[in-house]
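What follows is a single structure, written as structure tokens, with notes after it.
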Amino acid sequence: MSASRDSSVQHPPAALTRRDLLRGAGALAAGAALAGAGLRPAFGDEPGAARRRALRLAHLTDMHIMPGRNAPAGVAACLKHAMALPDRPGLVLTGGDLIMDGFETERESTKTQWGLFVDVFKHECGVPVEHGLGNHDIWGWNKSKSKATGDEADYGKKWAMDVLGLESWHRSFDRAGWHFIMLDSITQNGEGYIGRLDDEQFEWLRADLARTPASTPVLIVSHIPLLAACVYVHCKDEESRKAWHVSGGLMHTDFRRIRELFLKHRNVRVCLSGHIHQIDRVEYEGVTYICDGAVSGAWWKGRHYNCDEGYGLLDLYADGSFDHTYTTYGWKAQG
Ligand SMILES: [Zn+2]
């Protein structure tokens, strides 16, 4: 395993920092200090409690598989790397953009890409996997380019659901004492999309969190970041506009209501995303938001900004803390 060259991803986990705080100042005093600083005390943090690992998982996002650029071998190499770790993950989560593109691509090419994706996972992923949806996994929303009419039985989000055997893109499950929520970030906007949970999904999320015991830590996966810092490098003209302008396609436009919901559920610990093909980590109001790079780097053309081809490796602990490392797998772009 080789860690990313980007030292910005090597932070100690937030929970450790908080634990150090608690150890030094005493739980009550530290809790008061955190509250005074506008931060919630750490979830489940008990001074002196053993930090027992509950689960190790790999988060593979933005694989963008396609016939060219040696992409199938790249996805296979990534999975082989994760599966060969001496301490092998017990679960794979994918973060969407599984194929290069179906959004504006005709049927035959989309079919080829899904064939490659299913084949690689069948042969290389030896542990349970839960798939997330990305914008490029939707078939035909750009009707002019895809030549879709919208009346096809497998139009839109349905094709990928059928291929992967899913009944819904948003869903939740429990494993190893943690609660996992897979969100569908992609809301239609003309022939394009924006990052948003539709109202029905938002109400589902509200109910799902309400059902989850407050003592159960929660991990959330979305394709588009709920909150990220790296999206700002895609803004332009901010000086002449005298304002930053983040596209609704880059970050969830409904983050403010999601944030308000999270304030009621302090067991939401970590939110993983992809889409930007960059790595960042935002600590905000007791939740860690990680934009987790891309298996494909710059769509199989090398590194993107400072992000090498890689995946997230997470250790989840019973006390609600976690460690995250962005892990490269030694891929050399050939495209
Ligand atoms: Zn995307």
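The values are calculated or read from the model by the stated rules, or taken from the named source; none is laboratory data. Treat the numbers as computed from the prediction; the structure is a model and nothing was measured. So basically every Cβ, Gly included, is an ideal-geometry build from the backbone, and we count neighbours across all protein chains shown. Ligands, DNA and RNA are stripped out before the accessible areas are found, and what is left, the full protein with its side chains, is counted by its heavy atoms. Shrake-Rupley method; radii C 1.70, N 1.55, O 1.52, S 1.80 Å.
There is no residue in segment 125-137 that is more than 25 Å from residue 79 (Cβ to Cβ), open to solvent by 20 Å² or more (accessible area, probe 1.4 Å) and more than 16 Å from the ligand (Cβ to nearest atom). Each residue in segment 78-98 was checked for being open to solvent by less than 30 Å² (accessible area, probe 1.4 Å) and touching a residue at least 40 places away in the same chain (Cβ under 8 Å), and 12 pass. Remark: pairs (first residue in segment 109-123, at positive phi; second residue at pLDDT 95 or above and of a type in the set (Lys, Arg); Cβ separation under 9 Å; 6+ apart in sequence or on different chains) are absent.
The single condition among (1) under 17 Å from the mean Cα position of the chain (by Cα); (2) within 16 Å of the ligand (Cβ to nearest atom) that residue 284 does not meet is (2).
Among the residues examined, residue 66 qualifies as within 16 Å of the ligand (Cβ to nearest atom), open to solvent by 10 Å² or more (accessible area, probe 1.4 Å) and either in contact with a helix residue (DSSP H, G or I) (Cβ under 7 Å, 6 or more places away or on another chain) or over 20 Å from residue 194 (Cα atoms) (or both). Only a single criterion out of (1) over 30 Å from residue 83 (Cβ atoms); (2) open to solvent by less than 30 Å² (accessible area, probe 1.4 Å); (3) β-branched (Val, Ile, Thr) is not satisfied by residue 224, namely (1).
Restricting segment 124-173 to residues that are of a type in the set (Asp, Glu) and touching a residue at least 12 places away in the same chain (Cβ under 8 Å) leaves a set whose member that is nearest to residue 193 (Cα to Cα) is 137.
Taking every residue in segment 176-201 that is at negative phi and pairing it with any residue that is surrounded by fewer than 14 Cβ atoms within 10 Å (Cβ to Cβ) and part of a strand (DSSP E or B), at least 6 positions away or on another chain, the pairs with Cβ-Cβ distances below 9 Å are 179/173; 180/173; 180/174; 181/173; 182/173. The listed residues are 240, 215, and the only one of them that is assigned to a helix (DSSP H, G or I) and more than 16 Å from the ligand (Cβ to nearest atom) turns out to be 240. Could you please let me know if residue 106 is of a type in the set (D, E, K, R) and either within 24 Å of residue 167 (Cβ to Cβ) or open to solvent by less than 40 Å² (accessible area, probe 1.4 Å) (or both)? When the stated conditions are applied, residue 106 does not pass them.
Counting only residues that are under 22 Å from residue 232 (Cα atoms), at pLDDT 95 or above and part of a loop (DSSP other than H, G, I, E, B), segment 305-321 holds 1 of them.
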